[in-house]
Amino acid sequence: MEKVNFISVQEAIKKKSGKVSLRGWVYRERGSNKIKFIVLRDSSNIIQCVLEREKFETQWDEIDKLKIESSVEIHGKIKEDKRAPTGYEVLVDKIKIFQIAEEYPIGKDLNEKLLGDRRHLWLRSRKMTAILKIRSTLLFALHKFFRKNNFIEVEAPSFTASTSEGGSTTFEVSYFGKKAYLTQSWQFYAENIIHAVERAYAIAPSFRAEKSRTSRHLTEFWHCEVEAAWINLDDLIKLTKDCLHYVIEEVIKENTPELVSLGVNIPLLKKSKDRFGRIKYSEAIEKLNEMGHKIKYGEDFGAEEEKKLVGYFNCDLLFVTNYPLEILKFYHGEDLKNPGTGTNFNLLAKGLGEIVDGSQREENLDKIIKRLKKAKINLGISDWYLDSRRYGSVPHSGFGLGVERVIQWICGLENIKESIPFPRTPDMIYP
Ligand code: ATP
Ligand code: MG
């Protein structure tokens with residue numbers, strides 16, 4: 001038997017004319033007792049297919065029963081047709097039906113809860129498929145970027161005996177009768193790992209029991225974390241810029257059709273990757289007050305303030321450095337030129353807020369111990385972390401980037417849930 005060469009819908013559209021063999025799922029269907037129109041969907045695109053009854057007399061009963069999401073293979077001739085959804089149409093000569101789908105439980109007007117419960121089916125939508133492709137490009141681009149820049153990928157466990165961030169956002173699990181926690185960050189491991197490999201990164205899930213239901217928090221998110229010896233805050237900021245520039249460029253290169261389908265303004269996105277600003281926390285507080293927000297020095301920005309701040313400084317991505325030490329974690333370094341403030345940054349994205357958090361770390365053991373005492377933190381069994389300061393401490397810096405936040409920003413998604421296939425939130429634990 002001759003081997004059939006199946007091509008994708010997108011390849012067929014590119015081919016423009018001649019014979020094609022396609023397979024996929026019924027995206028839409030309509031027809032009469034003489035003719036049936038199927039819009040066929042595969043991972044690449046959709047295309048209208050026309051079946052005339054006279055060619056399929058013996059199969060017509062079956063064809064007539066085809067419903068949305070039925071799986072088929074078709075063979076026919078493609079031609080341009082301006083009225084068809086993607087500008088081309090296939091006149092079908094042969095069809096093989098794999099399965100006639102049951103009534104598809106996703107229609108036009110399903111609410112968010114239902115789409116959440118049927119997430120495994122909702123992923124088949126053109127929108128979610130586009131996002132999944134962009135996500136894949138972005139993750140690969142991150143890996144490529146760090147490897148090109150001499151970083152070694154080193155993993156850390158998800159089960160931990162204590163937590164780095166601590167507090168109310170910790171997930172506790174039972175670990176053979178003892179308490180364990182799901183990791184919130186790779187950083188404590190990384191600050192030790194760099195004494196071996198100098199430059200390390202990992203992309204892995206972090207878990208945060210975020211109780212507030214916001215449009216930019218998940219309870220399980222993919223955290224791209226980086227730590228490097230011998231680099232300071234300025235080097236780290238440069239690395240962050242280069243990283244974002246590179247991944248956005250890759251996404252534009254690989255996923256222009258997907259970005260277009262999501263309504264992303266590509267020329268603006270192209271410009272965004274170079275529209276960085278840099279200010280100090282104190283300047284941010286001043287500007288916010290000038291613009292009518294009521295916020296005092298020493299307070300953390302609220303979600304609205306973070307979103308708006310970037311625009312006030314006429315850029316798309318804004319590094320805010322030198323937060324007051326009182327609102328920073330003990331491991332962020334102190335800027336000796338601006339005492340009382342940190343060698344840290346938050347990178348805020350216009351319209352969204354924080355997407356990356358980084359700092360040059362405090363490398364001095366005595367200073368860290370003082371900071372811990374002041375904050376009344378007992379590291380307990382996590383004291384091993386401080387071995388990074390006891391045995392050959394070096395200047396070092398690192399950042400944590402929220403993969404879903406970056407996707408949400410690039411794609412202009414209303415809710416972070418859309419940026420991950422199976423989101424986890426306080427309300428969503430299945431599918
Ligand atoms: P936020 O203030 O926005 O809650 P955070 O300061 O608590 O974030 P970090 O510990 O700084 O978070 O985490 C590093 C990065 O990970 C953040 O800049 C953000 O991009 C991402 N991130 C943090 N928490 C979440 C979450 N719950 N869901 C998705 N991404 C998150
Ligand atoms: Mg942060």
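Taken together, the values in this text are just the output of simple stated rules run on the coordinates, not laboratory data. From a predicted model like this one, the values you see are computed outputs, not experimental measurements. All Cβ positions, glycine included, derive from the backbone under ideal geometry; neighbour counts span all protein chains shown.
Observations on the structure shown:
- The chain, helix-only ellipticity at 222 nm - DSSP H runs n ≥ 4, -39,500 (n - 2.57), divided by all residues, nearest 500: -9500 deg cm²/dmol
- With θ taken as phi - 60° and the Karplus curve 6.51 cos²θ - 1.76 cosθ + 1.60 applied, the whole-hertz 3J(HN,Hα) list for segment 407-419 is 5, 4, 6, 4, 8, x, 8, 4, 10, 4, 4, 6, 8 Hz, x standing for glycine and proline.
- Computed from the Cβ-Cβ distance with R0 of 35 Å, the FRET efficiency linking ASP235 to LYS178 stands at 0.30.
- Global form of segment 345-425, assessed from the alpha-carbon gyration tensor, a/c cut-off 1.5: prolate
- Among 12-24, 350-362, 259-271, the order from most to least packed when residues are scored by Cβ within 10 Å on average: 350-362, 12-24, 259-271
- At 0.890 mPa s and 25 °C, Stokes D of segment 65-134 from Kirkwood alpha-carbon radius, µm² per second: 168 µm²/s
- Of TYR385, PRO324, PHE301, farthest towards positive along the dipole that unit charges on Lys, Arg, Asp, Glu beta carbons give the chain: PHE301
- Pairs beyond 27 Å (Cα-Cα), from LYS296/LYS417; LYS329/LYS350; LYS238/LYS376; LYS16/LYS65: LYS296/LYS417; LYS238/LYS376; LYS16/LYS65
- Magnitude of the charge dipole for the chain, about its Cα centre and with charges confined to Cβ atoms of Lys, Arg (+1) and Asp, Glu (-1), is about 800 debye.
- Cα→Cβ-extended label distance, 7 Å offset, between THR256 and ALA196, nm: 4.4 nm
- The chain: angle of helix 303-312 to the longest principal axis, Cα-based, in degrees nearest 10: 90 degrees
- Across segment 40-52, coupling constants 3J(HN,Hα) worked out from phi with the 6.51/-1.76/1.60 Karplus curve, θ = phi - 60°, read 8, 10, 10, 5, 8, 5, 10, 8, 7, 10, 10, 10, 9 Hz, and Gly and Pro carry x.
- What the Cβ-Cβ distance of HIS120 and SER215 gives, at R0 = 25 Å and to the nearest 0.05, is a FRET efficiency of 0.65.
- Loop GluC sites (Glu not before Pro), segment 374-431 (other Cβ atoms within 10 Å of the site Cβ: 14 or fewer; DSSP): GLU414
- Residue pairs, from the table LYS36/LYS82; LYS148/LYS179; LYS280/LYS370; LYS14/LYS127; LYS308/LYS367, whose Cα atoms sit over 28 Å apart: LYS148/LYS179; LYS308/LYS367
- Just so you know, the averaged projected area of the alpha carbon convex hull for segment 1-84 sits at 5.9 nm².
- Toward the positive end of the charge dipole of segment 138-227, with +1 on the Cβ of Lys and Arg and -1 on the Cβ of Asp and Glu, the farthest Cα among GLN187, THR160, ALA141 is that of ALA141.
- Relative contact order (%) - criterion: Cα under 8 Å, at least six apart; region: the chain: 13 percent
- Rh by Kirkwood over Cα pairs, then Stokes-Einstein D for segment 1-152 at 0.890 mPa s and 25 °C, µm²/s: 142 µm²/s
- Inverse mean reciprocal Cα-Cα distance (Kirkwood Rh) of the chain, Å: 24.6 Å
- Taking the longest Cα principal axis of the chain as reference, the axis of helix 233-261 is set at about 10 degrees.
- Evaluated over the Cα positions of segment 90-205, the convex hull gives a direction-averaged projected area, one quarter of its surface, of 14.2 nm².
- Against the chain, whose longest principal axis comes from its Cα atoms, helix 365-374 is set at around 80 degrees.
- Antiparallel bridges, percent of DSSP beta bridges restricted to the chain (to nearest 5): 90 percent
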